[in-house]
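Visitor: Once you've had a glance at the structure underneath, I'll fire off some questions.
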Amino acid sequence: MPKVCILGLGGPKLSSQERDFFAEIDPLGFILFDRNCETPDQVRTLTTALRDISGRADAPILIDQEGGRVARLKSPNWRVAPPAAVFGDLHSADPCAAARAAWLNARLIGAELHGLGINVNCAPVLDIPVFGADPIIGDRAFSTDAATVAVLGTAYLDGLCGSGVLAVIKHIPGHGRAGVDSHLQLPRVKSLYDELSATDFAPFKAMSGRPAPQPWAMTAHVVFEAIDAEKPSTLSPSVIGDVIRGGIGFDGILISDDLSMEALSDPLAVRAREAIAAGCDLNLHCNGKLMEMQDVACSSPELSEAVRGKLALSIGALPEPEAFDAGVAVEELDVLFAKAGITSG
């Protein structure tokens, strides 16, 4: 039975150590980064090798292909997709065009991923940045308006799904107010619950309860002092139970953000145990360091029937993509932006 962890790897090819480690540990899935992606043929070979090791044709293989500055697949081998904020700008000029553009963009991204054997994209970002927050979210967000984020996020999810790729909404219950980058430090948010519920939590609530395939959600390494003044969301039973599962109503697969980030301070084995104990379904570890992955994997339990059922409603429910002309989609996308006088590059 696989361990409930998603692990990274060191380079564009599996080392013999990684092969042996993954075969022994049996992680549920894997995540790819720039260091793993050189050419389309190379990525396809890599994803095939990872699934051969797991013995599961539907093993989750994740990537962060948001567009803009967060894109693991880069030019010249892959399309340069715009950041999410561009679609928010278009929404201000033409809401219908913006929803169509967000769908087309996600459909194009999904088509590339599906063709590479990648079936889970860690996008879209549903965070709502506020004035004075750290720029780590910035233009990765669609808008500062919760309703706009919900509309464009829905279009994005539908576009990915149409390509046979699952979305991971992030960073639940919200990273937009963080005053520091959680890759480097632990953010603390002092806002009151009612304000958070009306703004930060709202786009995630709009995505909850969707029919299969259900998106996954990735946690925020952020302390919300009005809910739990001690623990970041990833490790907080109160945030996960009362807010994410309760107030927001998200009942799908909940994956931690990268457990190796500096926002978290305990040893990795402790982080992994606490994340699952708090209510995360899966642990994520990204840097590909074998010793660290050993700690995370050994502290992650085996897949339960409950999580298996959630996987069936997500990856197991992904449709086969319909025929799609990427060239025509790119042309339509360019026209939508040009009509509004917006530069998407």
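Visitor: Of all residues being within 19 Å of the chain's Cα centre (by Cα) and of a type in the set (Val, Ile, Thr) in segment 188-240, which is farthest from Arg177 (Cα to Cα)? Just the residue, please. Lay out the reasoning, then the answer.
Guide: Of the residues in segment 188-240, the ones within 19 Å of the chain's Cα centre (by Cα) are 200-222, 232-235, 239-240.
Pick out the ones that are also of a type in the set (Val, Ile, Thr) and you get 219, 222, 234, 239-240.
Numbers: Thr219: 14, Val222: 9, Thr234: 16, Val239: 16, Ile240: 18 Å.
In this case the residue turns out to be Ile240.
Visitor: Take Pro82 and decide whether it is surrounded by fewer than 20 Cβ atoms within 10 Å (Cβ to Cβ) and at pLDDT 95 or above.
Guide: Values: surrounded by fewer than 20 Cβ atoms within 10 Å (Cβ to Cβ): no; at pLDDT 95 or above: yes.
No.
Visitor: Among the numbered criteria (1) surrounded by 21 or more Cβ atoms within 10 Å (Cβ to Cβ); (2) closer than 24 Å to Gly110 by Cβ; (3) touching a Leu at 6+ places or on another chain (Cβ under 9 Å), which single criterion is violated by Phe250?
Guide: For Phe250, the failing item is (3).
Visitor: Give me a count of the residues in segment 262-271 that are closer than 22 Å to Phe21 by Cβ and part of a loop (DSSP other than H, G, I, E, B). Give the steps one after another, and end with the answer.
Guide: Of all residues in segment 262-271, those closer than 22 Å to Phe21 by Cβ come to 267-271.
Filter again for part of a loop (DSSP other than H, G, I, E, B), leaving 267.
Going through segment 262-271 one residue at a time, the tally reaches 1.
Visitor: Taking segment 123-136, which residues are surrounded by fewer than 24 Cβ atoms within 10 Å (Cβ to Cβ) and either hydrophobic (A, V, I, L, M, F, W, C) or under 11 Å from Glu66 (Cβ atoms) (or both)?
Guide: Listed by number, the residues that qualify are Val130, Phe131, Ala133, Ile136.
Visitor: Residues of segment 154-185 being closer than 19 Å to Ile255 by Cβ and surrounded by fewer than 20 Cβ atoms within 10 Å (Cβ to Cβ), which ones?
Guide: The answer is His183, and nothing else.
Visitor: Now for a separate question. Scan segment 330-343 and report the pairs whose first residue is of a type in the set (Gly, Ala, Ser) and whose second residue is in a helix (DSSP H, G or I), with Cβ atoms within less than 7 Å and a gap of 6+ or a chain change.
Guide: Ala340/Leu90; Ala340/Ala93; Ala340/Ala97
Visitor: Among Pro232, Pro203, which is at pLDDT 95 or above, surrounded by 24 or more Cβ atoms within 10 Å (Cβ to Cβ) and in contact with a His (Cβ under 6 Å, 6 or more places away or on another chain)?
Guide: Working: Pro203 fails: in contact with a His (Cβ under 6 Å, 6 or more places away or on another chain).
Testing whether each residue is at pLDDT 95 or above, surrounded by 24 or more Cβ atoms within 10 Å (Cβ to Cβ) and in contact with a His (Cβ under 6 Å, 6 or more places away or on another chain) leaves just Pro232.
Visitor: In segment 272-310, which residues are touching a strand residue (DSSP E or B) at 6+ places or on another chain (Cβ under 8 Å), in a helix (DSSP H, G or I) and under 24 Å from Val243 (Cα atoms)?
Guide: Ala272, Ala275, Ile276, Val307, listed by residue number.
Visitor: Can you confirm whether segment 100-109 contains a residue that is under 16 Å from the mean Cα position of the chain (by Cα), closer than 19 Å to Ile63 by Cα and small (Gly, Ala, Ser)?
Guide: yes
Visitor: Looking at segment 215-226, is at least one residue at pLDDT 95 or above, surrounded by fewer than 21 Cβ atoms within 10 Å (Cβ to Cβ) and either within 27 Å of Pro2 (Cα to Cα) or out of contact with any Lys or Arg (no Cβ under 9 Å at 6 or more places or on another chain) (or both)?
Guide: The first filter runs over segment 215-226 and keeps only residues at pLDDT 95 or above, leaving 215-226.
Now restrict to residues that are surrounded by fewer than 21 Cβ atoms within 10 Å (Cβ to Cβ): 225-226.
Filter once more, keeping what is either within 27 Å of Pro2 (Cα to Cα) or out of contact with any Lys or Arg (no Cβ under 9 Å at 6 or more places or on another chain) (or both): none.
No, that holds for no residue.
Visitor: Restricting the search to segment 1-44, which residues are surrounded by 17 or more Cβ atoms within 10 Å (Cβ to Cβ) and among the basic types (Lys, Arg)?
Guide: Lys3
Visitor: Please give the strands (runs of 3 or more DSSP E) falling wholly within segment 1-63 in which 1 or more residues are free of Cβ contacts under 8 Å to residues at least 12 places away in the same chain and farther than 27 Å from Ala275 by Cα. I'd like the intermediate steps shown before the answer.
Guide: Working: elements: 3-7, 27-32, 61-63.
Ranges flagged: none.
Visitor: Based on this model, can you work out whether Ser260 counts as surrounded by fewer than 22 Cβ atoms within 10 Å (Cβ to Cβ), among the hydroxyl-bearing types (Ser, Thr, Tyr) and modelled with pLDDT of 95 or more? Can you show your working first?
Guide: Details: surrounded by fewer than 22 Cβ atoms within 10 Å (Cβ to Cβ): yes; among the hydroxyl-bearing types (Ser, Thr, Tyr): yes; modelled with pLDDT of 95 or more: yes.
Yes.
Visitor: Here's a check for you: in segment 1-48, which residue that is among the polar types (S, T, N, Q) and farther than 20 Å from Asp295 by Cβ is farthest from the chain's Cα centre (by Cα)? Give the derivation first.
Guide: First pass over segment 1-48, keeping only residues among the polar types (S, T, N, Q): 15-17, 36, 39, 42, 45, 47-48.
Retained after the next criterion (residues that are farther than 20 Å from Asp295 by Cβ): 16, 36, 39, 42, 45, 47-48.
Details: Ser16: 29, Asn36: 17, Thr39: 22, Gln42: 23, Thr45: 23, Thr47: 18, Thr48: 22 Å.
Within segment 1-48, the match that is farthest from the chain's Cα centre (by Cα) is Ser16.
Visitor: Of the conditions (1) modelled with pLDDT of 95 or more; (2) surrounded by fewer than 15 Cβ atoms within 10 Å (Cβ to Cβ); (3) under 29 Å from Ala106 (Cβ atoms), Cys298 clears all except one; give me its number.
Guide: (3)
Visitor: Filter segment 63-94 for residues that are of a type in the set (Val, Ile, Thr) and more than 14 Å from Ile137 (Cβ to Cβ) and give the result. Steps first, answer last, please.
Guide: As a first pass, look at segment 63-94 and keep what is of a type in the set (Val, Ile, Thr): 63, 70, 80, 86.
Ile63, Val80, Val86, listed by residue number.
Visitor: Please go through segment 235-244 and pick out each residue that is surrounded by 17 or more Cβ atoms within 10 Å (Cβ to Cβ) and over 10 Å from Pro173 (Cα atoms).
Guide: Quick first cut of segment 235-244, residues surrounded by 17 or more Cβ atoms within 10 Å (Cβ to Cβ) only: 235-236, 238-240, 243-244.
Within segment 235-244, Leu235, Ser236, Ser238 qualify.
Visitor: Please tell me if Ile255 is among the hydrophobic types (A, V, I, L, M, F, W, C), in contact with an Asp or Glu (Cβ under 8 Å, 6 or more places away or on another chain) and assigned to a strand (DSSP E or B).
Guide: Values: among the hydrophobic types (A, V, I, L, M, F, W, C): yes; in contact with an Asp or Glu (Cβ under 8 Å, 6 or more places away or on another chain): yes; assigned to a strand (DSSP E or B): yes.
For Ile255, the condition - among the hydrophobic types (A, V, I, L, M, F, W, C), in contact with an Asp or Glu (Cβ under 8 Å, 6 or more places away or on another chain) and assigned to a strand (DSSP E or B) - is met.
Visitor: What is the residue count in segment 197-247 for residues that are in contact with a strand residue (DSSP E or B) (Cβ under 9 Å, 6 or more places away or on another chain), assigned to a loop (DSSP other than H, G, I, E, B) and touching a residue at least 24 places away in the same chain (Cβ under 8 Å)?
Guide: 14
The values are calculated or read from the model by the stated rules, or taken from the named source; none is laboratory data. Since this is a predicted model, take the numbers as computed values, not measurements. All Cβ positions, glycine included, derive from the backbone under ideal geometry; neighbour counts span all protein chains shown.
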